[in-house]
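K.L.:
Take a look at the following structure, please.
Here, each number is a calculation from the coordinates, and none is a lab measurement. Everything quoted here is computed from the prediction, not taken from an experiment. Positions of Cβ are backbone-derived with ideal geometry, glycine not excepted, and every protein chain shown enters the neighbour counts.
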Amino acid sequence: MEMVQDPLNLIICGVGGQGNILIASILAASFHQKGYRITVGDTFGAAQRGGAVFSSLRVSARKLYGPLIPSGKAHIILGLEPLETLRLLIQYGNPEIVCITNISPIYPVGVIAHNLRYPNIEELKKSILDLSKSAHFIDAADMARRLGLQISMNMIMLGILIASGLLPVKKEDVLEEMKRIFPPVRLPANLQAFELGIHSIASETEIH
Amino acid sequence: MGNLTRNLPGSEIMLLGNEAIARGALEAGVQVCAGYPGTPSTEIVQSLIESAQAANLYAEWSVNEKVAVEVAAAAAFCGLKSLASMKNAGFNVASDTLMHLNLSGVGKGAMVVVLCDDPQAHASGDEMDTRHVAEIADVPLLEPSNPQEAKDFTKFAFELSERFRTYCIVRSYTRLSHSHGPVVLSSLPEVMRRAEFHVSDLITPYGDGRIPGSAPVQRHSLLHQKMEEIREIFETSQFNFSTGPSNPDLLIICSGSGWPCSVDSIETLGLEDRVGILKLGTLWPYPKKLVAQHLEKVKQVLIVEEVDSLIEGYVKQTLADFVFNHPIKVMGKSSGHLFHYGEVTPDGVINALSSIFNIPQPSQDVAYKRKVQSASEMVIPRALPWCPGCPHRATFYVLNQVFKKVGNEIIVAGDIGCYTIDQWAAGTNRTNLCLCMGSSLGLASGLGKLERFGLEKRVVAICGDSTFFHASIPGLINAVVNRSKMTLIILDNDATAMTGFQPHPGTGKTAMGEKTIQLRLEDIARACGVSVVEVFDPFNILEARKIIENILSMDGPSVLIARRACALLAQRERNKRGETTAPFRISEKKCSKYVSSNSDKLMPCASSCPAGNEIPEFLHFARQGKFQEGFEILRRRNPFPAVLGRVCYHPCEELCGRNSYDEAIVIHEIEKFLGDYGGKLPLKKRKMKTFNEKIAVIGSGPAGLSCAYNLALMGYQPIVFERLSVAGGMLAVGIPEYRLPRQVLESEIRQIEEMGVQIRLGSHMLSTEELIPKKFDAIFIATGAHKDLKLQIPGEDKEGVLPAIEFLRNVNLKKSVTIGNRVIVVGGGNAAIDSARAAIRLGAKSATIIYRRSRADMPAHEEDILAAMDEGVEIQYLVFPQEILGTKRLSKVRCVRMKLGKPDESGRPLPIPLENSTFDIEADTVIVAVGQTPDFTDNLPVSKTNALLINDATLSVVGKPGFFAGGDVVTGPSYVADAIGAGIRGAISMDAYLRGKPLPGTQKKNRIISYEALNLGSIPFSPRVRGLRLFPEKRILDFSEIESVFSSDEAVYEASRCFSCGPSCEKCITGFHCPAFLRDVEGRHEIVDFLCVGCGACVNLCPYRAIVDEEIS
C-alpha cells in the first residue's frame, strides 16, 4: 500500500453549492475503506451558495495529518470552476501539480455589480497550464446540462478524477461508497453522472 | 450527517469533528442538549437532534445561548448528563450563567460546555480565544486536536464533570469542528438515568444565608481545591504526551490545531531529530509539573497555539514557579515568531522553525514564483452573494430607493445574519453600524436620543427574525420606554438561515420537528409598546415602497416586518411537496436587447437628436461609471460632445419618457460631462488614410468640421478651408465664452485635427469653377450664415449702431469693441440674448432687448431668456424701432408698440403697429440682431432667403454634381446640433458618391417606443440633478463659464434615472445583482435556469415585461 506521494495532498475547489464537500466525503470514505489514514478539511457554514470554497484531503498510508495543506504542497487540484482552480493554484501549486478543471465559469457577483472583469478563458487556461505539470480541461457543466442534470456536475468530475488513475482508489471502491451515501431516490442520477465522467477521460478532456 | 447511534464498539468510521463531539456525548450517556446555531458549532446539536429518537434524548435550539446553558444546567441539577454548545461569541451571551454555575456546581448530574472558536474569523466578527474562560471561571478545559480526540475528550469531560460536580469545557475550533477524520467508536450506554430533584436541595452560589456575604468566597475556595485535585489527574493524563527526541534542541509545546501544524512543519523541514513535541490536551488546570519536567531537558521552547498566548503565559509562569539549572528561552507570539492574531498554519510554524534554526524555508523556484505573480493579477475576488431569490436582496433594493428619495440622511444599524452581506461586496453597502447579535436595536435606541445634541439623522435598525428573538427584545423595549426616535425593520425569512435553517420561536417548529406555538413578530412588537407596526412582502416592490416611505415620515419608534421566506428554504419546501420550481426566462420577443436589433423602433431621445447621438447607449455606459466607453459612443460620429453639452437646445429632453413620469434626464449635462472627460484622455492616434480622393470642406463651423471628422473616420483626408483666422464658425465667433469657453472648443477641434483633418485658416475662398474637377473630387459647403440682416429704418447708419453677428464676432475674437452705457438690442433670437448679456459684461449700465412679438413667440431658448433676465437684462415685448435719432452718434431710438395679428408665412402672428403708440428710448448703443443670412457669392442655386438649395435626402447641391452642403448655409440660422447632423449626413453621402454606392434615400420616419407601453412600477420618483450656476452678480463680471460640470457621482446618478427604454437596457442585471442572471460576451441576457428559484422578484424590474414564467409562455 505504498504511495508515490505520502501524504497525498488533494484539493477540491469550486463555488459554494457545486457540491465539492460531497466529492470529498465520498473520496474520504473510499480511502478509509481501503485502510488509508485520511483527514479532510472543509470550508462551510457561512460560505454557502456562491462563495469560494474548497476541501482539502490529506491521504497517507502511515499516519494522520492535519487538515491544512502547507503552501505550495498540493499534488492534485480537482477544480469545479476555473477561476477557483487558479486561485487555489496560486496558493498551493508547484511545478509537479496536476489539475483537472471544469472550464465552464461561474461569474462572481462583482462581475455584474462592480464591473470586475472575469479573466478571458483562454488566458485562464494558459495560466493554469503554466502553473501545473499537466492540466486537463473539460466542460463538465455542459456535459451535465446535456444529461439534464446540472446539479450532478460534481459526480462527473469525480468520475474523471477516478478514471485519471492519479489516486490509489478504483471505480469500484467509489461506487460502493456512493451507494452507501446517497438515498435511493438520488442514487441513479448520480451514478449516471459518475459513469459519464469515467468514460469521458479519453474523449472530452483536452490533455496537456 | 451519518447515523451517530450505531452501537459498534471498536469499529472505525469517518466523522466530522463536531459529529465526534456529539458521539462522545452519546457514549457518555448525554440526555439533554441545548445550543444556539453558530459557525463552527452548529453540527454538534444538529447531529444530536438527528440522534434524538434513537438515543432517547432531548435536544433543543434555545432562543439564545444563555437559555441553552440554563436548560442544560437544569438537566444536570436533576442528575442527568447534559451538553450545551455554542460558538465563541455565544459564550459571551451565556457568560453570566456560566460565571455563576461554576460556583453553584452542577448538582448530581454532569454537564459539558462545548465552545467552538473561530481563529481567523472565517465566519465571525471576532476571533476571541475562549480558552481564557476556564481560568476565569476555574473550570476544567480540554482542547482536542482531531476527531478521535474530540470524541474521547468529550466523553472524559462528562466523567470529570460528574466526579467533581463542576461543568467542564471542551474547546473546539473551525479546523477541528469542520474536518473529517477516522474515529474508533466505543460502546453506547444501555441504561439511561431518571431525572430527580429533592425539594430540600439548594443549588446556588449564594449559600443559605446563615453567614451573610461569604458564600461565594467559600465556594470559590472550594472550587480551587477541586481544581488542584483535577490538576493532579491532568499531570499524568494520557491526553498530554510527547514525541520526538528525549533531549531535543527545541521543544514545541502545543495544543489544538497547533499540533498537526507543528508535525507537518517538522516533517517538511526534516527536523525530526532535533525538535520534540509536548502536546497538551488538558489545558486548565494547567499541568505545570509535567511541563516543568520537560523544560528541564531543553534550552529552547516554542509555543504553538491559537489564538492568544495562553499556554505561552503559563509556561513563563512555570519558569518562575520552578527552579531550573539552565536558562530556558521561551519563544512564541511574544517573541515575534508567531502572531497574536489569525489562525495557526503549517506555513507559520515552518517560518518560525526556519528562523530559529536558521535554515532556509522550502521555497518555490524563482521561475514558478514569477508565474504565480503574473497569474495573481488575473484573479478577481468572489464575494459571498445573496442567493438567487433571496428576499434580503429585494428588501435592501427597496430600502435604498426609498432612502435616496427622502434625502438619504439615515443611519442604518445592522446585525448578524444573511443580511450582514449588505455590508460586503455583493450587498448595497448601506449599513453603517454592526456589532453583534441584537446590537442593532440597542445602538438605534441610543442614536434615537441624540437629536437634542444636534444629530439630524433618521435612525433605522435592521435585524433578522431569529436575531430578534435572540437578543433584540430588550433593546426594543428600551427604545419604546425611553421614547427613542427609530424604526426597526425585521427581515423575517422564516428561519435561522445563515447557519442552516434551524427553527426559532417564529417558525412554529421545534428542533425535534414537532409543531408548536408560532410567535408572531408583530404581536411581540405591539406587546413591547410599539404602536406603529406594519408587515410587507419585499417582493411586492410598489407596496413595500409606499409602506416604508410612510413609516419613515413618522418619528417612531416603529416596527416594519419584511416577510418572505428564505429562497433556499422555500425551494426545499417545494421539493418536499413535490412541486417543481419554474425558472423564469427572458423572452426574446420582448426584451429590448433582442427586439431593438431587428426593429425600427427608436427611443424618443434617440429619435429626436439632430446630431444623431446614440443617447441610450452613452447613458448606459455613464450609469455604470464607464465614462471612456460612453465618450467613445458619442465620438463615433459626433466630434463635439463637450460643445453640444453646453450649447444644445436639447430636444431629447422634451421627448424623454421620464418627462411624463417626473423629470426628464438632464441628457445634455451627461453629454457635457463625457465630452470633458474624454477631452482629458490621451489623444487617439491618427487613423491611417485609406482613400486617395481629395476632399474640400468650405467652412470650419460645426457642419464643416463634423463632415470633415466623419470623412476622416472613414479613411479620407479632407482639407477644411476657413476664411477667418480662427476655426469653429459660430462656435468660435458667435457664441460667447460664458456659454462655450474657448479652450473647450479648441480642445475638440484639436481632436478633430488629430484624426487627420487639415484646417487652413485665413483661406481665400475659391470659386466653384475652380474647385472641380481640377482640384477636388468632392466638396462640402458649410459657410454658414454670417451676414447680418439690416433693420432698414432711417438712422441705421449712425455711429453706435452695431450689427449683432459682427459685434459678437469682435467680442469673441477679443477685438476692441466700443459699447456705451445704455444699450438697446433689437431682436428675439439667441443672437439678441447673447448680445445683451455680452454688453452687460462689457460694462454697459443697462441693456434692454426690444422684440416685436410676445414672450411666447421669442425664438431664443427659454433658459437663456431667464438667464439674461437674472443678469439684469430688461426685455420689452411688442416693441419695434421706427427710427434711430441723434447727430453723428445715436442718442435715442424711436419705437412703436405692436399688437399681434393673424399668423404670417412663418406661422407666427404678424406684428402690427399700434396707432399713436410711439415713444422714445434713450440709448447710446443699438445692436441689431434681426437675422442672419448666408453671404457667399457664386452661381450656386439659392432660395429667396439666399439659402443654398440641396436635395434633402442626399445633401447634394441641386444641379452641381460633386457638391454637397449643410448647416446654416442651407437652413438659415439654426441650431448647432442640426449643423452637426448635416455634417455627418453629408459625409455619408459624399462617401457613397465617391465609392460609387447608392446615395442615401429619404430618411423614413422612425417609430418611437411609447411611454405608455413601459412597465415602470419598480421605479421611484426622483428629481433630476441640478447643476451649479454662478450667481448673476458674479456672472456679469466677465465671460467665465457660468455652469458647472457634473461630478462623476452626479453623472452616474442622473444616467441611472434613465428608463433605458432601448437596446442598452440592463435593468434586470443591474437592478438586483441576482446570481441567476448572465450577460454573455455578445451582451445578450439570459437567466440560468438551474440557478433561478422562480421567486419572480425581477419581473417588476423589466420595463418591457420581458421576464416570463416558463410554464405560461
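K.L.:
Short version: what are the Cα gyration tensor semi-axes of region B:805-961, square root of 5 times each eigenvalue, largest first, in whole Å?
P.N.:
Numbers: eigenvalues 182, 92, 51 Å².
Working through the eigenvalues yields semi-axes of 30, 21, 16 Å.
K.L.:
Take every DSSP beta bridge whose two residues both sit in the protein assembly as shown, then give the antiparallel share in percent to the nearest 5. Write out the running numbers ahead of the final one.
P.N.:
Values: 57 of 158 bridges.
Roughly 35 percent of the beta bridges in the protein assembly as shown run antiparallel, per DSSP.
K.L.:
What do the square roots of 5 times the Cα gyration tensor eigenvalues come to for region B:906-1034, in whole Å, largest first, as semi-axes of the equivalent ellipsoid?
P.N.:
Details: eigenvalues 261, 219, 59 Å².
Ellipsoid semi-axes (Å, largest first): 36, 33, 17.
K.L.:
Along its principal axes, what span do the Cα atoms of region B:848-922 show, with the longest given first and each in whole Å?
P.N.:
Cα spread of region B:848-922 along its principal axes, largest to smallest: 37, 32, 18 Å.
K.L.:
What's the extension gain from B:Thr1002 to B:Glu296 if we count 0.36 nm per residue and subtract their Cα-Cα distance? Don't jump to the answer; show the numbers that get you there.
P.N.:
Working: separation 706, 0.36 × 706 = 254.16 nm, distance 10.22 nm.
Full extension of this stretch gives 243.9 nm more.
K.L.:
What aspartates and glutamates does B:Lys457 reach when the alpha-carbon gap must be under 17 Å and sequence neighbours fewer than 8 apart in one chain are set aside?
P.N.:
Within the straight-line cut-off, B:Lys457 pairs with B:Glu409, B:Glu549, B:Asp555.
K.L.:
Follow-up. Rounded to whole Å, give me the distance from the Cα center of region B:960-1023 to that of region B:863-930.
P.N.:
Using only Cα atoms, the two centres lie 36 Å from each other.
K.L.:
Write down Rg/Rh for region B:555-695, rounded to two decimals, with Rg from the C-alpha atoms and Rh from the Kirkwood relation over Cα pairs. Could you put the intermediate results ahead of the total?
P.N.:
Details: Rg = 23.2 Å, Rh = 19.4 Å.
On the Cα set of region B:555-695, Rg over Rh gives 1.19.
K.L.:
Using helices alone, I'd like the mean residue ellipticity at 222 nm for the protein assembly as shown: each DSSP H run of four-plus residues gives -39500 (n - 2.57), total over residue count, nearest 500.
P.N.:
Details: 46 runs with 466 residues, N = 1321.
Calculated from helices alone, the mean residue ellipticity at 222 nm is -10500 deg cm²/dmol.
K.L.:
Something else: What is the helix-to-structure angle for B:366-376, meaning the angle in degrees between its Cα long axis and the longest Cα principal axis of chain B, kept from 0 to 90 and rounded to the nearest 10?
P.N.:
60
K.L.:
What relative contact order, as a whole-number percentage, does chain B give when Cα pairs under 8 Å and 6 or more residues apart are counted?
P.N.:
Details: 2369 pairs, mean separation 101.0, N = 1113.
Once normalised by length, the contact order is 9 percent.
K.L.:
At what distance in angstrom do the alpha carbon centres of region B:143-171 and region B:187-248 lie from each other?
P.N.:
Comparing the Cα centres of region B:143-171 and region B:187-248, I get a distance of 12 Å.
K.L.:
Enter the mean projected area of the convex hull around the alpha-carbon atoms of region B:186-269, in nm², rounded to one decimal.
P.N.:
Seen from a random direction, the Cα hull of region B:186-269 projects 11.3 nm² on average.
K.L.:
Counting partner chain Cβ atoms within 10 Å of every residue's Cβ in B:114-124, what's the average? If you can, show how the numbers build up before the last one.
P.N.:
Working: counts 0, 0, 0, 0, 2, 0, 0, 0, 5, 5, 2.
Mean partner-chain Cβ count within 10 Å for B:114-124: 1.
K.L.:
Please work out the Cα center distance from region B:418-441 to region B:526-546, rounded to the nearest Å.
P.N.:
20
K.L.:
Where both residues lie in region A:8-203, what percent of DSSP beta bridges are antiparallel, nearest 5? Could you put the intermediate results ahead of the total?
P.N.:
Values: 14 of 27 bridges.
Among the beta bridges of region A:8-203, antiparallel pairing accounts for roughly 50 percent.
K.L.:
Take each of the peptides B:674-682, B:578-586, B:784-792, average the number of other beta-carbon atoms within 10 Å over its residues, and list them starting from the highest.
P.N.:
B:784-792, B:674-682, B:578-586
K.L.:
Still on this structure, I have one more. With only alpha-carbon atoms in the gyration tensor, what are the semi-axes of the equivalent ellipsoid for region B:136-175, in Å, largest first?
P.N.:
On the way: eigenvalues 71, 31, 5 Å².
Taking √(5λ) for each Cα gyration eigenvalue gives 19, 13, 5 Å.
K.L.:
Let me ask something else. Only Cα pairs under 8 Å and at least 6 apart count here; give the relative contact order of region A:8-203 as a rounded whole percent.
P.N.:
Details: 371 pairs, mean separation 38.6, N = 196.
Computed value for region A:8-203: 20 percent relative contact order.
K.L.:
Let me check the size of the protein assembly as shown from its C-alpha atoms; what are the radius of gyration and Dmax in Å?
P.N.:
Cα radius of gyration and Dmax of the protein assembly as shown are 40.7, 129 Å respectively.
K.L.:
Rounded to the nearest whole Å³, what is the per residue volume of the convex hull around the Cα atoms of chain B? Don't jump to the answer; show the numbers that get you there.
P.N.:
On the way: hull volume 281.7 nm³, N = 1113.
Taking only Cα atoms, chain B has a hull volume of 253 Å³ per residue.
K.L.:
Right, something else. Let me check the size of region B:750-872 from its C-alpha atoms; what are the radius of gyration and Dmax in Å?
P.N.:
Rg then Dmax for region B:750-872, in Å: 19.0, 56.
K.L.:
Another one. Sort A:124-134, B:706-716 by the packing proxy (mean of other Cβ within 10 Å over each peptide's residues), most packed first. Walk me through the numbers on the way to the answer.
P.N.:
On the way: A:124-134: 19.4, B:706-716: 25.8.
Highest to lowest by the protection proxy: B:706-716, A:124-134.
K.L.:
Would you mind checking B:Lys892/B:Lys1034; B:Lys626/B:Lys1034; B:Lys790/B:Lys960; B:Lys226/B:Lys289 for any pair whose Cα atoms are more than 24 angstrom apart?
P.N.:
On the way: B:Lys892/B:Lys1034 30 Å; B:Lys626/B:Lys1034 34 Å; B:Lys790/B:Lys960 31 Å; B:Lys226/B:Lys289 17 Å.
B:Lys892/B:Lys1034; B:Lys626/B:Lys1034; B:Lys790/B:Lys960, as the Cα separations exceed 24 Å there.
K.L.:
Kirkwood Rh, region B:608-654, all Cα pairs: how many Å?
P.N.:
Numbers: mean 1/r = 0.0918 Å⁻¹.
Kirkwood radius, region B:608-654: 10.9 Å.
K.L.:
Sticking with this structure for a sec: Quick one: which residues, 5+ away or cross-chain, put their amide H under 5 Å from the amide H of B:Ala110? H built at 1.01 Å from N.
P.N.:
Here B:Leu80, B:Lys81, B:Ser82 satisfy the definition.
K.L.:
Take every residue in peptide A:59-70, count the Cβ atoms of other chains within 10 Å of its Cβ, and give the average of those counts.
P.N.:
On the way: counts 0, 0, 0, 0, 2, 8, 7, 17, 11, 12, 4, 12.
So the per-residue partner count for this stretch is 6.
K.L.:
If you take every residue apart from B:Leu914 with its C-beta less than 15 Å away from the C-beta of B:Leu914, what net charge results, scoring Lys and Arg +1 and Asp and Glu -1?
P.N.:
On the way: positive: B:Arg852, B:Arg853, B:Arg894, B:Arg897, B:Lys899; negative: B:Glu915.
So the environment of B:Leu914 carries a net charge of +4.
K.L.:
Along the charge dipole of the protein assembly as shown, which of B:Ser51, B:Pro941, A:Leu187 sits closest to the positive end, that is, farthest toward it, with unit charges on the beta carbon of Lys, Arg, Asp and Glu (+1, +1, -1, -1)?
P.N.:
Ranked along the dipole, the leading option is B:Pro941.
K.L.:
State the volume of the convex hull built on the alpha-carbon positions of region A:8-203, expressed per residue in Å³ and rounded to an integer.
P.N.:
Values: hull volume 24.0 nm³, N = 196.
In region A:8-203, the Cα convex hull volume per residue is 122 Å³.
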